[in-house]
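Read through the structure below, which is laid out as structure tokens, and then see the notes.
All of the numbers you see were taken from the coordinates with simple rules; none came from a lab. What you see is a predicted model; the values in this text were computed from it and never measured. With ideal geometry, Cβ positions are generated from the backbone for all residues, glycine too; neighbour counts draw on all protein chains shown.
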Amino acid sequence: MSLKIAMAVTGFPVLSQTFISLQISSLIDEGFDVTVINFGPTGDFGQFADDVKLNLESTEVIQLRSGNGRNLPGSLMKVLPQLLYFSLFRPRFLFLAIKKVFLKKGSKRFSQLIALAYSLRFKCFDVVHIQFLVLAEHFALLKMLGFFSPATNLACSVRGFDISKKKNIQRFDRALIFGQIKYFLPVCDFFKRRLINMGCESAIRIIHSPINLAKIKRAKNHNDRVKNQTIEFVSVGRLVEKKGFDDALKAFSELKKINHKFRYTIIGEGKLKNELMQDISRYGLSDCVVLAGAMRPEDVIEYMNNSDVLLAPSKTASDGDSEGIPNVIKEAMALGLPVVATRHSGIPELVDHGVDGLLCAEGSPDELYDILIQMTENLHKYEKLSKSGKEKITRLFSPAATTKELVDVYKAIL
């Protein structure tokens, strides 16, 4: 009989979380029985290859909310039928929930817990894999209250905003989460060390997020590049502070002053769009910098494939929000695209400066400018850096490789 795995997610499938969908599909190929517990919106299955799409569409999904929010019902009035059910069929669980959640954490958290428990009342899992730490407390409470069978174990992936954003760190119950979750699965060693510093004594293993190598095409050949030809830089990501696009614009403003030919395209949408547009205008970059908006994953890959350099100027945001290892860097390296990034979070674990790409200090437009000068003056020299990256990406970040790591964890848990 195949192992039963529940995946708790914040949307399924979501463009920005393709790695989760690839992980689920690979587990299904390995013979696991996977159920998705979705706290967020339902996305588009058409973005995936036919074999992955078929797996995802056949996956059982427990949809906890039909809108775009992640919150479960927070009102007692909305869970009265569920309360009646548990009073009749699982009174001990309800008694403990009232005693340890309602009286200590309030009616909203209690109502959310009851709604989640009701949706899972007939389910039995070997492992509940929580894909984001922000969802962990829901399942840790259910485990503490004896809702799950003793054989059900909890594992939790840990990504950037989970463990870096100040408000997320401040609000989760460390004693509860660290006490009930058996395995933590950070995406990089940087976050592993942070977990340990926060007091986590559970088992910790790094599990990399996969990328869809099947959609990666071979990068164009630049051997026939004409001297002084315009160099195409590209960045991909949400227009938010931690992506560091404002630093990139400052660096390019200095580059333009010395008449170097370049074009810089930022692919993505986000709340800082207006501020970035103002920076572009203020720095006189309107003729060489483009905010291209959001694109489908295949169009992003195609655009990158026709660019010369991937720029990832990530930094720690003012609220503490940080990256893990951005997937776009992995995709660029798989394409054979030279990478310029920052020494931020888990990025140096992937990009070996001078071997796989070039790194500068985060939040330093001046250092970034120095690297951009080097790139524009002799791009051929730096294209060689990306060759070793292809082997590394295939070895560490293919769906097959990361699924093998995950299966090993599940076996260790059980």
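Spin-label model, Ser149 to Arg174: label points 7 Å out along the Cα-to-beta-carbon direction sit 3.5 nm apart. Each label was represented as a point 7 Å from its Cα along the Cα-to-Cβ direction; for Arg193 and Lys381 these points are 3.1 nm apart. A crude spin-label estimate for the pair Lys4 and Leu54, with each label 7 Å from Cα along the Cβ direction, gives 2.6 nm.
Stretch Leu88-Glu391 to full length: gain in nm at 0.36 nm per residue minus the Cα-Cα span? Could the numbers behind the result be given before it?
Values: separation 303, 0.36 × 303 = 109.08 nm, distance 5.80 nm.
That pair, Leu88 and Glu391, stretches by 103.3 nm at full extension.
For the listed peptides 257-269, 12-24, a ranking on the average number of other beta carbons within 10 Å per residue, highest first, reads 12-24, 257-269.
Excluding same-chain pairs closer than 8 in sequence, count the lysine pairs in segment 292-396 whose Cα atoms lie under 19 Å apart. Step by step, the pairs that qualify in segment 292-396 add up to 7.
Take the Cβ-Cβ distance between Gln374 and Met77 as r, set R0 to 60 Å, and report the resulting FRET efficiency rounded to the nearest 0.05.
Details: r = 63 Å, r/R0 = 1.05.
The value I calculate is 0.40.
Report the FRET efficiency, 1/(1 + (r/R0)^6), for Phe45 and Lys257, where r is their Cβ-Cβ distance and R0 is 35 Å, rounded to 0.05. Spell out each step's value before the answer.
On the way: r = 48 Å, r/R0 = 1.36.
In this case the efficiency is close to 0.15.
Residues of segment 130-159 with backbone nitrogen within less than 18 Å of a virtual label 7 Å along the Cα-to-Cβ line of Glu30, please, listed as ranges. Output list for this probe position: 130-132, 153-158. Highest mean first, the peptides 308-316, 287-295, 355-363, 399-407 sorted by other C-beta atoms within 10 Å per residue fall in the order 308-316, 355-363, 399-407, 287-295. Between the beta carbons of Cys124 and Lys411, assuming R0 = 22 Å, the FRET efficiency works out to 0.70 to the nearest 0.05. For the Cα atoms of the chain, what angle does the longest principal axis make with the long axis of helix 365-377, in degrees from 0 to 90, nearest 10? It is inclined by approximately 50 degrees. Since only Gln17, Phe125, Ser107 are under comparison, the one whose Cα sits farthest along the positive direction of the charge dipole of segment 1-128, derived from C-beta charges on Lys, Arg, Asp and Glu, is Ser107. Here the 3J(HN,Hα) profile of segment 288-303, calculated from phi with Karplus coefficients 6.51, -1.76 and 1.60 at θ = phi - 60°, is 9, 10, 10, 8, 8, x, 6, 9, 5, x, 5, 6, 4, 4, 5, 5 Hz, Gly and Pro shown as x.
Think of the chain as a dipole: +1 on every Lys or Arg Cβ, -1 on every Asp or Glu Cβ, centred on the Cα centre; then among Leu385, Leu249, Gly46, Gly46 lies furthest on the positive end.
Note on the chain: dipole from Cβ charges, positive end direction compared against Ala412, Leu145, Gln180; the farthest Cα belongs to Leu145.
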